[in-house]
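This report refers to the structure that appears directly beneath it.
Bear in mind that the values in this text are calculations on the coordinates, not laboratory data. In this text, all values refer to a predicted model and were calculated from it rather than measured experimentally. Note that each Cβ is placed from the backbone with ideal geometry, even for glycine, and that neighbours are counted across all protein chains shown.
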Amino acid sequence: MKIENIVIIVLLIGAGSLITYFVVLHHLSSVYTSIPLRKIPYYDSTNSTDSTSFLNLSLSANTTSLKIGQVIEIDVRLNNTSSKVLIANHSDNWSLKGLGLKPCDDEMPFGIAILQGNYLQNNMTTSKPLSLYQNGTYHCQAIFSIKSYAFQPLTDMAMFEDGSINHSYELMRHLSFYGYFVGDQFQQFSSGTYTVIGGDEWGHVVIRHFVVSNSTS
């Protein structure tokens, strides 16, 4: 607000018809006052942490043994074990390349892979993940560029921040498979041992195994 000139006119009516005018002119130097806009964040930065060690990646399956043609159901979940909001910058520290979820679900910061054979963390990179979905064109919504995540306390809910709009997601997925693709051809899991790898973009890894046996055995 800018204040420039104030003119004060005082009218005094005295005895008879005598009228006296007092005009006081005050020229004030320009005075500016401003009220700054304050952006209120959705979390209290004084009650937050940036340690990704509080993130817990869990991986479970409905069975460890199935017959050829049966379905393996997999649940993967990423949650914040801290009682504070966890602020984590986007990272690309995947322990295994090729981790993912369903087509059009690429914005999630975690994923899974299935390897044919029995693998552990020290040798899992020597195998190539199976193609769990058919190659092709999928019509997906535009994928925004994630800058950071705000994991809510003691839950699997998180806000994805892309610099303009915040998106809230539950970081849990349920997946089911009974085979994989070789080129464009679908092939059921054959008999043998398989390794399920779960990982996130901060390098956490969880490993599970399941065995497929011949339906006649």
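For region 145-217, trypsin sites (Lys or Arg not before Pro) are listed when DSSP marks them as loop and at most 16 other Cβ atoms sit within 10 Å of their Cβ; the list is Lys147.
Once the C-beta distance of Lys128 and Ser176 is scaled by a Förster radius of 22 Å, the resulting FRET efficiency is 0.50 to the nearest 0.05.
Charging the Cβ of each Asp and Glu at -1 and of each Lys and Arg at +1, and nothing else, the dipole of region 51-213 about its Cα centre rounds to 420 debye.
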